[in-house]
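Encoded as structure tokens, the structure appears first; notes follow it.
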Amino acid sequence: SFDQRVANFCAGPASMPTAVLQKAQAELLNWHSSGMSVMEMSHRSSEFVGIASKAEQDLRKLMNIPDNYKVLFLQGGASLQFSAIPLNLLKGEADYLDTGIWSKKAISEAKRYEQAGLGKINVVASAKDSNYTTVPSRDSWQLNDNADYFHYCPNETINGLAMFDVPAVNVPIVADMSSCILSSPIDVSKFGLIYAGAQKNIGPAGLTLVIVRDDLIGHANLVCPSILDYKNQADNDSMVNTPATFSWYLAGLVFEWLLEQGGVEAIYQQNLLKAQKLYEFIDQSDFYQNPVNKDNRSIMNVPFTLADSQLDKTFLAKADEAGFLNLKGHRSVGGMRASIYNAIDLATIEKLIKFMQQFEQTSV
Ligand code: PLP
């Protein structure tokens, strides 16, 4: 039953809007009098092609995607794009900015193609010196003006480190927006390619979104698997093979829900408020801490530590009991993390703060 749903702060797969799940439940056995579930439909059927193209149109509306960009609904997660990007775009050199664990994963995957002789991968700057709490200043980046692209991750899901301005660079910008897509308005025309795993703000896992400018399509290296070739996918409406049909359909329901909420600008205002309240509470407390430089604090993933890490286990157990789930930080950094994507509303944040307040009072 829907009134038994918990507050789920998982980083991904993440909480879904309840209204979306209710709609999916109502349509599960018999979609629009088709007599079948969407998951049983041929991806070539007119019903599914309609569902797929409506999802794309709604996303285009939400993100104001210009006509000279293709929207691809792929599989393999954001992680497979770490390979697909160099395989499609790398000719000579590519620039990468290291701001955290996901940037590093993208870099190490791209370096495999450097080793294989496909091109050179430059790390232009790293946030390592600040222990990934501050983005290195733009002046310090060792950029190459002839790079094929510049890659960065505007929202590092694990470290909670964010970049809100699109970097001023002279080459096509490639951005891993897995954990921030649709959380705030962006100017798509400033990017060459945007990609995101679906399982945070888009829908169920199994779907990967790629938004790519036309001129970057059609240059894949010969060794690029045809399924990863953006041109092949664009020419075939992301149906080179069987796509993740049910995830695609659910993404479409999330896009409809987001439009009903007033679109990305409206949800952004909510997201700002949510993050502001939580950080304000953490900052005024001596018991909770967030180490990230204030200008780089993610509005989607809020990591925090307790003054005494011996209390971590008790905190998590009490949170579970109170219906606040998945607050444990990533295993690589420890502590806690509240992922507060679009589906988490302000009232839930207020309840979380109250819980944290009470825990602090009973622990000091
Ligand atoms: N990039 C970022 C910023 C992420 O947060 C994640 C997953 O959490 C990934 C990439 C990897 O995504 P996937 O599991 O879809 O490969």
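Rule-based calculations on the coordinates, nothing more; no lab input. In this text the structure is predicted, and so the values were computed from the model without any measurement. With ideal geometry, Cβ positions are generated from the backbone for all residues, glycine too; neighbour counts draw on all protein chains shown.
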Residue order, fewest to most surrounding Cβ atoms within 10 angstrom, among Cys10, Cys153, Cys224: Cys10, Cys224, Cys153
Cα-only Debye scattering, the chain: base-10 log of I(q)/I(0) at q = 0.09, 0.10, 0.11, 0.15 Å⁻¹: -0.52, -0.64, -0.78, -1.33
Dipole of the chain, positive end: most advanced residue of Ser332, Gln269, Phe304 [Cβ charges, Cα centre]: Ser332
Value of [θ]222 nm, deg cm²/dmol, for the chain, DSSP H segments ≥ 4, -39500 (n - 2.57) each, nearest 500: -11500 deg cm²/dmol
Order by protection proxy (mean Cβ within 10 Å, highest first), peptides 329-342, 190-203, 36-49, 301-314: 190-203, 329-342, 301-314, 36-49
The range 263-363 - percent relative contact order, Cα under 8 Å, separation 6 or more: 30
By average C-beta atoms within 10 angstrom, highest first, the peptides 60-66, 163-169: 60-66, 163-169
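For the range 31-171, rounded, prolate or oblate, judged on the Cα gyration tensor with a ≥ b ≥ c (square roots of eigenvalues), a/c < 1.5 rounded, else prolate if a/b > b/c?
Cα axes put the range 31-171 in the prolate bin.
Stretch Ser130-Gln22 to full length: gain in nm at 0.36 nm per residue minus the Cα-Cα span?
Full-extension gain reported as 34.5 nm.
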Restraint check, Lys274/Lys328; Lys200/Lys313; Lys91/Lys200; Lys23/Lys61, Cα-Cα greater than 29 Å: Lys91/Lys200
Paramagnetic reach from Gln142 in the range 85-102 [backbone N under 19 Å; point 7 Å along Cα→Cβ]: 92-100
Spatial extent of the range 263-363: Rg and Dmax, with the Cα atoms as the point set, Å: 13.1, 42
Estimated distance in nm for a label pair at Ser45 and Gln57, the labels positioned 7 Å out from Cα along Cα-to-Cβ: 2.0
Net lengthening on full extension, Asp345/Gln261 (0.36 nm per residue, minus Cα-Cα): 29.1 nm
Size of charge dipole - the range 263-363 - debye, nearest 20, with Cβ of Lys, Arg +1 and Asp, Glu -1, no other charges: 220
